[in-house]
Structures are given as C-alpha cells and as structure tokens.
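Please read the structure below before turning to the comments.
All of the numbers you see were taken from the coordinates with simple rules; none came from a lab. For clarity, every value in this text was computed on a predicted model and none was experimentally measured. All Cβ positions, glycine included, derive from the backbone under ideal geometry; neighbour counts span all protein chains shown.
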Amino acid sequence: MDVHDILKKAQELQAARQTALQPLAEILAERKQLESMLADTEVGYGKAYAAAEKAGWSAAELTALGAPEPTRRPSARQRRGGINIAAGTGTGAPAEIPPQSAQAPVPA
C-alpha cells in the first residue's frame, strides 16, 4: 500500500463519518434556531404572566391552565457576599477575614 492508497482510504473513512454527521448537524442547527426563538419570548411571557397575576390569577391556577411560572433570573443589581456585582467591584467571593487574637492588646 502506498501513500496514495492510504490517503484515499482515509478520505473514504472521513466521507462516511461526514455523511453520518449530516442529519445531526441539520437537527442541531434547527434546535439552535428554535432555542433562540423561545428565548425571544421570555420577556413578553414574563410580563404577560405578571399581568395575569396582577389581575387576580394565582400561580397555581395559571399552572393548572398550562402556564408555568416564567423563569426568574436574579437582578444584575443583586448583591452576593456583600459585593456589588453590578458595580464590578470585587470578585463575587466573600472577603477573607483575618484571624483575631484571643488576647486584648495591652496599653503601653
């Protein structure tokens, strides 16, 4: 077997793999498009759901009607660990507290 035969065999194997991947690639592209379309409805759905609650519908009633609670995301201004993430200060991790000595300082 020479170099040409090896490369030809490799191309045939790769072509078979590529053919098998085609349906997955098509469905994946469609799925990404549908996920994007669904994400575009989230804000409107949340507002409509809130309006229904304000009009007197309970979350249980809306769920029974097939309208699940919208996904709630934390506010960008929400504080975590005493650090304002929205302001861009800190890392989001709690500050390290230095150890305290058991004795009170002696006045000089």
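Taking each residue as 0.36 nm, the span from Arg72 to Gln14 lengthens on full extension beyond its C-alpha to C-alpha distance by 16.4 nm.
Counting only lysines at least 8 places from Lys47 when in the same chain, those with an alpha carbon closer than 27 Å to its own are Lys32. For the pair Tyr45 and Ala25, a Förster radius of 22 Å applied to the C-beta separation gives a FRET efficiency near 0.15, rounded to the nearest 0.05.
If you wrap region 15-60 in the convex hull of its Cα atoms and look at it from every side, the mean projected area works out to 4.4 nm².
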